[in-house]
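Asker: Shown below is the structure under consideration.
The values are calculated or read from the model by the stated rules, or taken from the named source; none is laboratory data. Given the structure is predicted, the values throughout are model-derived calculations rather than measurements. Backbone-built Cβ (ideal geometry, glycine too); neighbour counts: all protein chains shown. All accessible areas refer to the heavy atoms of the entire protein, side chains included, with ligands and DNA or RNA removed. Shrake-Rupley method; radii C 1.70, N 1.55, O 1.52, S 1.80 Å.
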Amino acid sequence: MKHSADRSSCLKKAPSLRVGVIGATGMVGQELVRLLERRGSFPVGELVPFSSGSQRRTVSFRGRRLAAGPVDQAALASCSLVFFVSSDEVSRRLAPGLAGRGIWTIDDSSAFRLDPGVPLVIPEVNAHVLKRSSRLIAGPNCTMTPLAVAAVALHRGAGIKEVRLATYQSVSGAGRSALEEFFLQVHEKGRLRVEGRAPVLGGSAHSALPGPIAYNVIPQVGGFDAEGRSVEENKVAGELRKVWEAPSLKVSVTAVRVPVVRGHAMAAWLTLGRPLSPAAARAAISRTPGLKLFPDGDYPTPLAVADTEPVCVGRIRKGATSRELCLWLAYDNLLKGAALNSVQIAEELLRRGWLA
Ligand SMILES: NC(=O)c1ccc[n+]([C@@H]2O[C@H](COP(=O)([O-])OP(=O)(O)OC[C@H]3O[C@@H](n4cnc5c(N)ncnc54)[C@H](OP(=O)(O)O)[C@@H]3O)[C@@H](O)[C@H]2O)c1
């Protein structure tokens with residue numbers, strides 16, 4: 001109770017802020033703008049949205065349409081806080097300079113996540129790593145964040161030694177161009193199916209993903225390294241070790257793209273340092289903020305949890321031994337997997353009185 005009282009008094013005293021969003025017209029950026037408006041917890045005085053500038057684009061904020069043009073350094077320099085939701089390249093080019101000038105910079109790309117000098121933050125898990133002097137803050141990968149939240153209580157209580165995951169990642173996780181291709185493929189394949197022909201697509205119809213995703217499943221998210229691991233699989237492992245401060249944690253992942261519009265899911269197998277019953281695991285998990293626990297026999301699906309904020313957990317059960325647990329997670333990749341986590345980081349800065 002004390003925590004929420006402190007929080008609201010801080011929010012009341014907070015000044016109106018000029019907030020930049022680089023990538024405001026993308027999948028994550030649009031959600032971020034919507035959250036800044038919807039949560040009402042953040043005193044945005046002026047929103048300054050940016051896009052690539054390749055087309056005339058606008059974003060809607062508090063009933064007004066705001067032009068989202070290309071990045072303008074002068075406009076950025078007068079912001080107190082800038083969210084980066086565009087690309088690794090844009091973040092690398094612009095974020096360190098802004099942070100160096102004292103502007104709070106929250107980056108959703110993977111450019112700085114494993115940089116030892118940049119805090120990688122999930123507020124429910126490791127807000128303690130935020131420092132007033134570290135103005136550049138990274139938000140983790142959309143696959144890692146929900147797992148780190150869902151299993152942190154088990155990790156603290158029973159010392160997780162090994163995590164094995166199979167992910168089921170929606171197409172919106174690969175950005176707007178992948179989603180546009182997916183809709184085109186569904187349309188084209190649907191027509192082919194009706195005509196009774198084999199649903200084969202031309203090669204030009206899938207440039208955003210490694211293959212056609214409509215009516216398909218692709219066990220590749222990003223390029224492969226020399227050992228055959230994908231970029232996404234390596235991101236999950238490295239980032240989870242950093243956020244949990246567990247350098248020796250063993251992590252094996254198979255990351256899979258599935259033909260779902262929005263909402264990721266994953267099956268997780270956890271090996272604990274000591275035996276823990278599913279009932280005890282449920283009790284521990286239920287105390288973590290930001291989670292919704294489903295009762296036995298019920299489970300979340302991406303379709304059911306799309307556009308909702310909590311990480312949803314179900315099917316908690318014993319694995320092959322008393323030290324192994326299996327879980328099922330589903331969550332909105334654009335919200336807790338990206339935009340919501342970034343906004344929560346900003347809210348934490350505000351609560352501490354660091355944003356001016
Ligand atoms: N999608 C997810 O589930 C997810 C989850 C976690 C993290 N992320 C990260 O979040 C970021 C955005 O992902 P997304 O899925 O939202 O991508 P997206 O849908 O492709 O959107 C990209 C955004 O960046 C803008 N942009 C592109 N080049 C730019 C430039 N040179 N200068 C300024 N803006 C530029 C685009 O503007 P236009 O509208 O003009 O093209 C668009 O607003 C990426 O770093 C991604 O890794 C995504």
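Asker: Might you let me know whether the range 127-148 holds any residue that is part of a strand (DSSP E or B), of a type in the set (Ser, Thr, Tyr) and within 11 Å of the ligand (Cβ to nearest atom)? Give the steps one after another, and end with the answer.
Answerer: Of all residues in the range 127-148, those part of a strand (DSSP E or B) come to 136-138.
From what's left, of a type in the set (Ser, Thr, Tyr): none.
No, the conditions are met nowhere in the range 127-148.
Asker: Still on this structure, I have one more. In this structure, is Arg176 more than 8 Å from the ligand (Cβ to nearest atom) and open to solvent by 20 Å² or more (accessible area, probe 1.4 Å)?
Answerer: No, not satisfied.
Asker: Going through the range 122-141 one residue at a time, which ones are touching a residue at least 60 places away in the same chain (Cβ under 8 Å) and either over 24 Å from Arg287 (Cβ atoms) or among the aliphatic types (A, V, I, L, M) (or both)? Let's see the steps before the verdict.
Answerer: Here is the first cut: in the range 122-141, the residues touching a residue at least 60 places away in the same chain (Cβ under 8 Å) are 122-127, 130, 132, 137, 139-141.
Those that are touching a residue at least 60 places away in the same chain (Cβ under 8 Å) and either over 24 Å from Arg287 (Cβ atoms) or among the aliphatic types (A, V, I, L, M) (or both): Ile122, Val125, Ala127, Leu130, Arg132, Ile137, Asn141.
Asker: Let me ask something else about it. Of everything in the range 232-278, what is without any contact (Cβ under 8 Å) to a residue 40 or more places away in the chain and part of a loop (DSSP other than H, G, I, E, B)? Give them in sequence order.
Answerer: The answer is Pro247, Ser248.
Asker: Restricting to the range 74-108, what's the tally of residues that are part of a loop (DSSP other than H, G, I, E, B) and among the small types (Gly, Ala, Ser)?
Answerer: Result for the range 74-108: 5.
Asker: Can you tell me which of Arg287, Arg282, Arg241, Arg229 is more than 17 Å from Ala150 (Cα to Cα) and open to solvent by 40 Å² or more (accessible area, probe 1.4 Å)? Explain how you work it out, then say what you get.
Answerer: Numbers: Arg287 fails: more than 17 Å from Ala150 (Cα to Cα); Arg282 fails: more than 17 Å from Ala150 (Cα to Cα); Arg241 fails: more than 17 Å from Ala150 (Cα to Cα).
Within the list Arg287, Arg282, Arg241, Arg229, the selection yields Arg229.
Asker: Consider Ile345 carefully, then state whether it is of a type in the set (Val, Ile, Thr) and not assigned by TED's automatic domain parsing to the domain that holds Gly159.
Answerer: yes
Asker: Identify, please: which residue in the range 64-74 is closer than 26 Å to Pro96 by Cβ and in contact with a strand residue (DSSP E or B) (Cβ under 6 Å, 6 or more places away or on another chain) and is, among those, most open to solvent (accessible area, probe 1.4 Å)?
Answerer: Only one residue tops the list, namely Val71.
Asker: Can you spot a residue in the range 186-195 that is at pLDDT 95 or above, in a loop (DSSP other than H, G, I, E, B) and surrounded by fewer than 14 Cβ atoms within 10 Å (Cβ to Cβ)? Quick ask: steps written out before the conclusion?
Answerer: Kept after step one, since they are at pLDDT 95 or above, are these residues of the range 186-195: none.
Checked the range 186-195: no residue is at pLDDT 95 or above, in a loop (DSSP other than H, G, I, E, B) and surrounded by fewer than 14 Cβ atoms within 10 Å (Cβ to Cβ).
Condition check ((1) open to solvent by 40 Å² or more (accessible area, probe 1.4 Å); (2) within 30 Å of Ala150 (Cβ to Cβ); (3) of a type in the set (Phe, Trp, Tyr); (4) over 19 Å from the mean Cα position of the chain (by Cα)) across all residues:
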{"residue": "Ser78", "(1), (2), (3), (4)": "yes, no, no, yes"}
{"residue": "Leu94", "(1), (2), (3), (4)": "no, no, no, yes"}
{"residue": "Asp108", "(1), (2), (3), (4)": "no, yes, no, no"}
{"residue": "Ala111", "(1), (2), (3), (4)": "no, yes, no, no"}
{"residue": "Pro116", "(1), (2), (3), (4)": "yes, yes, no, yes"}
{"residue": "Asn126", "(1), (2), (3), (4)": "no, yes, no, no"}
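Asker: Could you go through the range 64-78 and let me know if any residue there is touching a residue at least 60 places away in the same chain (Cβ under 8 Å) and more than 14 Å from the ligand (Cβ to nearest atom). Walk me through how you get there before you give the answer.
Answerer: First pass over the range 64-78, keeping only residues touching a residue at least 60 places away in the same chain (Cβ under 8 Å): 78.
Checking the rest, the ones that are also more than 14 Å from the ligand (Cβ to nearest atom) come to 78.
Yes, the range 64-78 contains at least one residue that is touching a residue at least 60 places away in the same chain (Cβ under 8 Å) and more than 14 Å from the ligand (Cβ to nearest atom).
Asker: If you check Leu11 against the conditions, is it modelled with pLDDT of 95 or more, among the aliphatic types (A, V, I, L, M) and within 22 Å of Asn341 (Cβ to Cβ)?
Answerer: In short, no.
Asker: What number of residues within the range 47-56 satisfy the criterion of being in contact with a strand residue (DSSP E or B) (Cβ under 8 Å, 6 or more places away or on another chain) and either of a type in the set (A, V, I, L, M, F, W, C) or over 22 Å from Leu340 (Cβ atoms) (or both)?
Answerer: Of the residues in the range 47-56, 5 are in contact with a strand residue (DSSP E or B) (Cβ under 8 Å, 6 or more places away or on another chain) and either of a type in the set (A, V, I, L, M, F, W, C) or over 22 Å from Leu340 (Cβ atoms) (or both).
Asker: List, please: which pairs have Cβ atoms under 6 Å, are six or more places apart or on different chains, and start with a residue in the range 159-179 that is closer than 24 Å to Ser52 by Cβ and of a type in the set (Gly, Ala, Ser) and end with one that is in a helix (DSSP H, G or I) and near the ligand (Cβ under 8 Å from one of its atoms)?
Answerer: Here the result reads Ser172/Met27; Ser172/Leu179; Gly175/Met27, each pair linking the range 159-179 to a residue that is in a helix (DSSP H, G or I) and near the ligand (Cβ under 8 Å from one of its atoms).
Asker: Does Gln30 meet the test of being of a type outside the set (Gly, Ala, Ser) and either at pLDDT 95 or above or open to solvent by less than 10 Å² (accessible area, probe 1.4 Å) (or both)?
Answerer: Values: of a type outside the set (Gly, Ala, Ser): yes; either at pLDDT 95 or above or open to solvent by less than 10 Å² (accessible area, probe 1.4 Å) (or both): yes.
Spelling it out, Gln30 is indeed of a type outside the set (Gly, Ala, Ser) and either at pLDDT 95 or above or open to solvent by less than 10 Å² (accessible area, probe 1.4 Å) (or both).
Asker: Sticking with this one: Select from the range 52-63 the residues that are near the ligand (Cβ under 7 Å from one of its atoms) and at negative phi and write down the one among them that is least open to solvent (accessible area, probe 1.4 Å).
Answerer: First, the residues of the range 52-63 that are near the ligand (Cβ under 7 Å from one of its atoms): 52-55, 57.
Still in the running and at negative phi: 52, 54-55, 57.
Working: Ser52: 94, Ser54: 91, Gln55: 110, Arg57: 68 Å².
That would be Arg57.
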